[in-house]
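Worksheet for the structure shown next.
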């Protein structure tokens, strides 16, 4: 029986987002499968070109004799690129995008940069033969040849630039000597190394030369814990490693969740797991949120694994990124650390994927395909036969729900690795402060605590919770937030004076008095880190203050420089947004003040409570990580809110139960599945019409699957760079039903010319 393969040509051809059909040779039938990388004749002269097998069928789109035949399968890439191609096909179907977009996401290493070569000239003769040859060159007055040979007798290998530069040897002389077998002109690829790894290598080499072990040097501001010499896992940590190794050969146990309080030593467990996987001849990927990928974090892994690791981050050049992927593909490294893009490292023998701080929203891509690293890692681990380990002090509801349902195994670390106690937490009701006449952003309790720390020479962190800030309206007297009556999310205040829901489109006029207590103190919250810095300077003029936000970290090393300065105690107070609470360990911080803790509760998002709980828990975990006890002051207008109460107690389980109950009632994930359709267009009228038609078709389709459709409504930010944005949501408990609806909606969009000027992106919630 004849078989045919649909193949997409090399992804560097941006205009070829289509498949071409080829005959499958008899020798490849039963061997070839979707995802394989192949060579095929393509274009003028039938030039051999790389392609990716999308589908295999037993029928052809034209007479079989007119189809060309696949030349060969690239068997050396079966373990890496072929599986990544299969992953791209899954992403295309699950998240909704073109094949080309998916391939370019998972195969970034095909965007090749110019290779850097190290060229050398080496002597191929013995010393006696070389001396005899040198005499001959001198007798014949062949000065250039004699000069080169004399230098090579002294040092048998010389850099090419020294030979052609300092020694002034021409290419013709080199060719002649190479033909005579006197020398060998060699060339090897030199990989570009990220700056942080170069620095660590130089420090390590310098330490060896002076007889000191750099791994024992204290590093201010290091990651979760810095292991002293002779560090050993505690009982809780060792139990996780032992259980993991016991189940190494169990194909039914692939996923794990490590839920550990802040400072419980999850990073130490990761390193043990990676080491165990490497000893079994496999490779490892560790995903870290970009904001946590600091020098202090990387140093711990480098001290443990040396040059076997590499890193990725957003500030690497295209050439540096390409080289790190090439090193992985060729086996030069076997541990990759980086943000979500590191998930696509082309390891041939991937054994483990670890996602640290798996609850972080940065693991969700904002570009098409809008994939989530957690879901995509689950699929890649399944394709590779690898283990997946998730870790967090505040796991996402989805991850914890899967652990409770038995899909993954749950481990819990309840104690800090150093044996220290969790900080004391006080909740301050800012409504009470207002009634007492205190209109400052600092409560009286926090003011006194900051003053006390300054007198004792200890450090303070002030965290301004502005994550996901939008123009919600809240009462300063009773804490009431104006919400949508249909979606249980806050209404956003627009410039036209209207309050709008960005889920269903509900609108109402702005309010000027609180509907609950009739207070006139109702409105938006408008304060930033700069204003906090000014207030600190006024209140504590002798304090040394650092501010860490988007403005102060614009430079290439902005984050690292501020963290280094604070870790070296060059400042008493660090002010910042969420970037200051991500896994940093400052042993002299004994006070954390959380300003307006409820700010992120009031964004127009069903995950607002979850994100608030995570942020507050992480922020509180920065205090008391050294020898001194820590304290945390949480300032809020809604002190009875369950997210704030549970965060103060570091009580994840209680928060999870209450939040899941709300999700169950509303049908939000993980209780039910949800998909967003984001619509973009430059003409607001056309966009509104297109979104309405799309909603009508979605509702007709939803009847078949018994799904719910909400919207369309304006996005939270309704216009960016003159492009208008609308969104509608589809809810269904089954991921398969959402995929089926996505496929039908894609067909509808493709068949209707009215959508030619409208972009539609799908997003799984």
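So that you can scan it fast, the table gives a plain yes or no per residue for (1) at pLDDT 90 or above; (2) in a strand (DSSP E or B); (3) not assigned by TED's automatic domain parsing to the domain that holds residue 318:
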position	(1), (2), (3)
122	yes, yes, yes
144	yes, no, yes
173	yes, no, yes
184	yes, yes, yes
197	no, no, yes
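Restricting to segment 679-701, what's the tally of residues that are in contact with a helix residue (DSSP H, G or I) (Cβ under 9 Å, 6 or more places away or on another chain) and within 19 Å of residue 762 (Cα to Cα)?
10
Of the residues making up segment 295-312, those that are surrounded by fewer than 20 Cβ atoms within 10 Å (Cβ to Cβ) and in contact with a strand residue (DSSP E or B) (Cβ under 6 Å, 6 or more places away or on another chain) number 2.
Residues in segment 630-646: is at least one assigned to a helix (DSSP H, G or I), surrounded by fewer than 22 Cβ atoms within 10 Å (Cβ to Cβ) and either in contact (Cβ under 8 Å) with a residue 24 or more places away in the chain or at positive phi (or both)? Even if it seems obvious, please write down each step before you answer.
First, the residues of segment 630-646 that are assigned to a helix (DSSP H, G or I): 642-646.
Applying the additional criterion that residues be surrounded by fewer than 22 Cβ atoms within 10 Å (Cβ to Cβ) yields 642, 645.
Narrowing the set further to residues that are either in contact (Cβ under 8 Å) with a residue 24 or more places away in the chain or at positive phi (or both) leaves 642, 645.
Yes, the conditions are met somewhere in segment 630-646.
Scanning for something modelled with pLDDT of 90 or more, in the same structural domain as residue 384 (by TED's automatic domain parsing) and over 26 Å from residue 586 (Cα atoms), does segment 285-304 turn up at least one residue? Yes, segment 285-304 contains a residue that is modelled with pLDDT of 90 or more, in the same structural domain as residue 384 (by TED's automatic domain parsing) and over 26 Å from residue 586 (Cα atoms). Just one of the numbered conditions (1) closer than 28 Å to residue 493 by Cβ; (2) surrounded by fewer than 24 Cβ atoms within 10 Å (Cβ to Cβ); (3) in contact (Cβ under 8 Å) with a residue 60 or more places away in the chain is not true of residue 612: (2).
Name the residue, out of 383, 397, 413, that is within 25 Å of residue 283 (Cα to Cα) and in contact with a helix residue (DSSP H, G or I) (Cβ under 7 Å, 6 or more places away or on another chain).
On the way: 397 fails: within 25 Å of residue 283 (Cα to Cα); 413 fails: within 25 Å of residue 283 (Cα to Cα).
After ruling out the rest, the residue left standing is 383.
If you go through segment 17-31 and keep only what is within 21 Å of residue 100 (Cα to Cα) and either buried (at least 16 other Cβ atoms within 10 Å of the Cβ) or modelled with pLDDT of 85 or more (or both), you end up with 19, 20, 21, 22. In this structure, residue 665 does satisfy being surrounded by fewer than 16 Cβ atoms within 10 Å (Cβ to Cβ) and not in a strand (DSSP E or B).
Could you list all residues from segment 674-718 that are in a strand (DSSP E or B), free of Cβ contacts under 8 Å to residues at least 24 places away in the same chain and surrounded by fewer than 16 Cβ atoms within 10 Å (Cβ to Cβ)? Listed by number, the list holds a single entry, 717. Residues in segment 744-754 that are surrounded by 13 or more Cβ atoms within 10 Å (Cβ to Cβ), without any contact (Cβ under 8 Å) to a residue 60 or more places away in the chain and in a helix (DSSP H, G or I) were compared, and the one that is farthest from the chain's Cα centre (by Cα) is 748.
The values are calculated or read from the model by the stated rules, or taken from the named source; none is laboratory data. Small disclaimer: the values here were computed from a predicted structure and weren't measured. As a convention, Cβ positions derive from the backbone with ideal geometry for all residues, glycine included, and neighbour counts pool all protein chains shown.
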